[in-house]
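Asks: Sharing a structure with you now.
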Amino acid sequence: MADAGFCCEKCERLFPIYKGIAIFISNAEWRNFFNKQFLDYYFSDEWRAIFERALAQDDYLEAIKLLDKYSDDKKWQESWANRLSEPWLENEEQQAAVWAGNKRTIELGNVSEAKMILDWPTGPGECMRGMLDKIAKDAVIVSSEINLLTIFRLKKYLEAMGLADNILFVNNDVTKMPFKNNVFDLVTAFGLTVEVPDPDKALRETFRVMHAGGVMVGNGDFYHEGSESIKIADEMNLGQIATEERFLKTARALGFKNIELETAWEGLDTDDMPDEERCPLPARGDWSAYTVIRAKK
Ligand SMILES: C[S@@+](CC[C@H](N)C(=O)[O-])C[C@H]1O[C@@H](n2cnc3c(N)ncnc32)[C@H](O)[C@@H]1O
């Protein structure tokens, strides 16, 4: 079923490697993460149907095989390939600023200097794809993501383009990173602030796995304390570092230094889609700031 596996010396758990992807999620963990509420918040009907079938499997390896098969769909692979140039925001000025902010994030990471790079949560790989033509030939990018369907699609797409040689794909929860302390020169995190439940734990893990002098660059939304958006973020367990004050307090307490914040875009939400079609965040009409972050250990 799996190509190979390895055994953790500490816990003696056996972790599979499936088609070059290191799997650090158990069946119980993935069922727990992709629970009904998560599917309701984040998934389209198409993804939901696929996940419900995979979640019904008794064994994660059976689920993995299903997700692998679904990710072969040619239509999906094409939509994946095109996705990065497609706007997802209605406000053109905001969209342009968000794209510019993403470019700026990579620029601030000085990626050509780094040998060990961790990218989380890789998702569709906007950040990673923006780095691939800039990294050193002998650099390694460890791509960390919990959604295996997403990993398969990105891996297959990059392999078809001949771009996957420097990448190690890891299926894990970024709030529990399966890496030693002090190993990465650079951590890149597009979606640092409000994409991952318990983002403060992911930030703590990021600090742990960076070596002294290492750099973290990331970006994401900030809201105002007391706003409807921060209320929703707290309800969704995403609010821990979702205001500038909360982020700075947490990052400083963890030991991050030289923290720089650049606002790529700020303003009021202008999205007028019906409630059931729009992201819950930011709350309708609310203020948010798309912020680029750089910090050192
Ligand atoms: C918007 S995407 C991130 C964008 C991505 N960094 C890029 O550059 O394109 C958010 C991703 O976070 C992933 N995610 C959410 N919680 C996670 C967790 N605890 N561990 C790992 N990945 C997680 C989701 O599966 C999703 O793919």
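The values are calculated or read from the model by the stated rules, or taken from the named source; none is laboratory data. None of the values given here were measured: they were computed from a predicted structure. Cβ placement follows ideal geometry from the backbone for every residue including glycine, while neighbour counts extend to all protein chains displayed. Remember, those area values only see protein heavy atoms, side chains included, never the ligands or the DNA or RNA. Shrake-Rupley method; radii C 1.70, N 1.55, O 1.52, S 1.80 Å.
Asks: Using a Förster distance of 22 Å, how high is the FRET efficiency between D40 and T270, based on the Cβ-Cβ distance and rounded to 0.05? Show your work: numbers first, answer last.
Replies: Working: r = 25 Å, r/R0 = 1.12.
It comes to 0.35.
Asks: For a quick check: with amide H placed at 1.01 Å from N, whose amide H comes under 5 Å from L118's, ignoring anything fewer than 5 positions away on the same chain?
Replies: V142, L186, V187, T188
Asks: Further, regarding this structure: When only DSSP loop residues count, what GluC sites (Glu not before Pro) in the stretch 49-120 have their Cβ near at most 16 other Cβ atoms within 10 Å?
Replies: E90
Asks: Each residue of the stretch 18-26 in turn: what ³J(HN,Hα) in whole Hz from Karplus with 6.51, -1.76, 1.60 and θ = phi - 60°, glycine and Pro shown as x?
Replies: Couplings: 10, 6, x, 9, 7, 9, 10, 10, 8 Hz.
Asks: Right, something else. Compute the length gained on full extension between W287 and Q77: take 0.36 nm times their separation in residues and subtract their Cα-Cα distance, giving the result in nm to one decimal. Display every interim value, and only then the final one.
Replies: On the way: separation 210, 0.36 × 210 = 75.60 nm, distance 3.47 nm.
Using 0.36 nm per residue and subtracting the Cα-Cα distance, I get 72.1 nm.
Asks: Are there trypsin sites (Lys or Arg not before Pro) in the stretch 235-281 that DSSP marks as loop and that have at most 16 other Cβ atoms within 10 Å, and which are they? Spell out each step's value before the answer.
Replies: Details: sites: R246, K249, R252, K257, R278; in loops: R278.
Hits after loop and neighbour filter: R278.
Asks: Mean separation of Cα pairs under 8 Å and 6+ residues apart, divided by the residue count of the chain: what relative contact order is that in percent? Don't skip to the end; give the middle numbers.
Replies: Values: 511 pairs, mean separation 49.9, N = 297.
Relative contact order comes out at 17 percent.
Asks: Fully extended, how many nm does the chain gain between C7 and E126 (0.36 nm per residue separation, minus their Cα-Cα distance)?
Replies: Length gained between C7 and E126: 39.6 nm.
Asks: Sort 135-141, 122-128 by packing, meaning the average of other beta carbons within 10 Å per residue, with the highest value first.
Replies: Answer by packing, highest mean first, reads 122-128, 135-141.
Asks: Separate question: Calculated from DSSP H runs of 4 or more alone, at -39500 (n - 2.57) each and per residue, what is the 222 nm mean residue ellipticity of the chain, nearest 500?
Replies: Helices in the chain give a 222 nm mean residue ellipticity of -11000 deg cm²/dmol.
Asks: Please work out the Cα center distance from the stretch 124-138 to the stretch 5-38, rounded to the nearest Å.
Replies: Each part's Cα centre sits 26 Å from the other's.
Asks: Rounded to the nearest 0.05, what FRET efficiency do A253 and Q95 give with R0 = 41 Å and r taken as the Cβ-Cβ distance? Could you check?
Replies: Approximately 0.75, to the nearest 0.05.
Asks: Which ³J(HN,Hα) values in Hz, rounded to whole numbers, follow from the phi angles of the stretch 40-46 under the Karplus curve 6.51 cos²θ - 1.76 cosθ + 1.60, where θ = phi - 60° and Gly and Pro get x?
Replies: The phi angles translate into 4, 6, 10, 9, 6, 4, 5 Hz.
Asks: On to the next question. Answer rounded, prolate or oblate for the stretch 65-201, using the Cα gyration tensor with square roots of eigenvalues a ≥ b ≥ c: rounded when a/c is under 1.5, else prolate when a/b is larger than b/c, else oblate. Walk me through the numbers on the way to the answer.
Replies: On the way: a/c = 1.29, a/b = 1.06, b/c = 1.21.
It is rounded, given that a/c, with a ≥ b ≥ c, falls under 1.5.
Asks: Still on this structure, I have one more. Quick one: length gained pulling V140 to K19 fully straight, 0.36 nm per residue minus the C-alpha distance?
Replies: Here the segment from V140 to K19 would lengthen by 41.8 nm.
Asks: Of K10/K69; K134/K201; K231/K296; K69/K134; K134/K156, which pairs sit farther than 23 Å apart, going by alpha carbon to alpha carbon?
Replies: Checking Cα-Cα distances, K10/K69; K134/K201; K231/K296; K69/K134 exceed 23 Å.
Asks: Just report the Cα centroid separation between the stretch 44-117 and the stretch 240-293, whole Å.
Replies: The stretch 44-117 and the stretch 240-293 have Cα centres separated by 20 Å.
Asks: In terms of the Cα gyration tensor, with a ≥ b ≥ c the square roots of its eigenvalues, is the stretch 1-141 rounded because a/c is under 1.5, prolate because a/b exceeds b/c, or oblate?
Replies: oblate
Asks: Here's something else I'd like to know. Assuming R0 = 25 Å, can you tell me the calculated FRET efficiency for the pair S26 and K69, based on Cβ-Cβ distance, to the nearest 0.05?
Replies: About 0.75, to the nearest 0.05.
Asks: Calculate what fraction, in whole %, of the accessible area of the chain sits on carbon and sulfur atoms when a 1.4 Å probe is rolled over the protein chains.
Replies: After summing per-atom areas, the C and S share lands at 51 percent.
Asks: If you average 1/r over all unlike Cα pairs in the chain and invert the result, what Kirkwood radius do you get in angstrom?
Replies: 19.8
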